[in-house]
Amino acid sequence: MSQLQLCQTDPLVALIYNLFSANMVRVPDSRIRPLSVIVHRNGHSSFRGSLLPLLSDSRGIGVRPAISELTDVAGRRSRRVTLDLGLHILRGFLKGLGLPSAELASKLGDADYLSFAFPAVRRAAYDIGALGWALAGRSIDRQNPAAAILFGLASYDLLLIDSILTSSQISVILSKEQGQRLNIDTSALSQTFASVGGQVNTSGENEVELTLTSPQDLTFAFTCVRLFLDHEGTITSMPPDNRLRTLGDDGAESVAQVRYSPDRVLLSNQPGLLRWDQEG
């Protein structure tokens, strides 16, 4: 997993990172759900799907996540970034929506800056105590080939997603310096993104806001805890862990480290947008 680092004082990204101890992803994804599993070893993290098929019995866990509206996150804008960096961020959002990003730059007129926001945000979160109660005495099935990487001398760490932040809308704000007019064909922009309910609004002469809508909620951030196993695969504990680990780096994005908050595992040592190792 590599990271696109953003400013530590970014009003949106830092809020999600510091207040919720949540990891933001570059490509929003509806597959990232509570009780999903991430495995980590030697600086690399991979998304592996649901925990339940890895358990030694087929019983459900018997608890449900609580759903809440996050009004303190909804609509809060990120810090403006230059258009080059902004296009990199926007391409990730478009990939999550299933849209191609070819020739995207030609649609954005003479914009100099880009920021983003999530107009409506929901959180689905398991209570940690209830989750611990539900997993007490449960075991990972050592006979499941998909679980083999969790055992042995070179075993992977098992991280469990316990909460997610989702939104069905993403707003992209294009702008110029104050006092400069933004020249952009809003009709063409609306037409380009019509398939995802693209709505364009102007706010003065130097700013245009494009809102994209997905037919389903997309996860753009998540929190996770580490599950510790004994030799037989029984889940013994899920405390935080204070070790630091270097994450994978593809050369285009900066190296990050795993940081552990008092309650959750953070997959970078500062706010940013994370990319799974297997992403293109």
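Applying the condition of being within 28 Å of residue 42 (Cα to Cα) and among the β-branched types (Val, Ile, Thr) to region 134-183 and asking which residue is modelled with the lowest pLDDT yields 149. Note on region 98-143: residues that are surrounded by fewer than 20 Cβ atoms within 10 Å (Cβ to Cβ), within 25 Å of the chain's Cα centre (by Cα) and in a loop (DSSP other than H, G, I, E, B) amount to 9. Listed by position, the strands (runs of 3 or more DSSP E) enclosed by region 1-41 that each have at least 1 residues that are under 13 Å from the mean Cα position of the chain (by Cα) and modelled with pLDDT under 90 are 2-5. Condition first: more than 18 Å from the chain's Cα centre (by Cα) and part of a loop (DSSP other than H, G, I, E, B). Can you find one or more residues in region 77-94 that meet it? Checked region 77-94: at least one residue is more than 18 Å from the chain's Cα centre (by Cα) and part of a loop (DSSP other than H, G, I, E, B). Among the candidates 46, 78, 58, 68, the residue that is modelled with pLDDT of 90 or more and surrounded by fewer than 19 Cβ atoms within 10 Å (Cβ to Cβ) is uniquely 68.
If you filter region 144-165 down to residues that are free of Cβ contacts under 8 Å to residues at least 60 places away in the same chain and not aliphatic (A, V, I, L, M), you find that the one that is nearest to residue 229 (Cα to Cα) is 152.
Among the residues of region 121-161, those that are among the aliphatic types (A, V, I, L, M) and touching a Gly at 6+ places or on another chain (Cβ under 8 Å) comprise 134, 140, 147, 150.
Based on what the data block shows, is residue 243 under 21 Å from residue 163 (Cβ atoms) and either modelled with pLDDT of 50 or more or charged (D, E, K, R) (or both)? Considered against the rule, which asks whether it is under 21 Å from residue 163 (Cβ atoms) and either modelled with pLDDT of 50 or more or charged (D, E, K, R) (or both), residue 243 comes out as no.
The values are calculated or read from the model by the stated rules, or taken from the named source; none is laboratory data. These figures come from a predicted structure and were not determined experimentally. Glycine also receives a Cβ, built like all others from the backbone with ideal geometry; neighbour counts cover every protein chain displayed.
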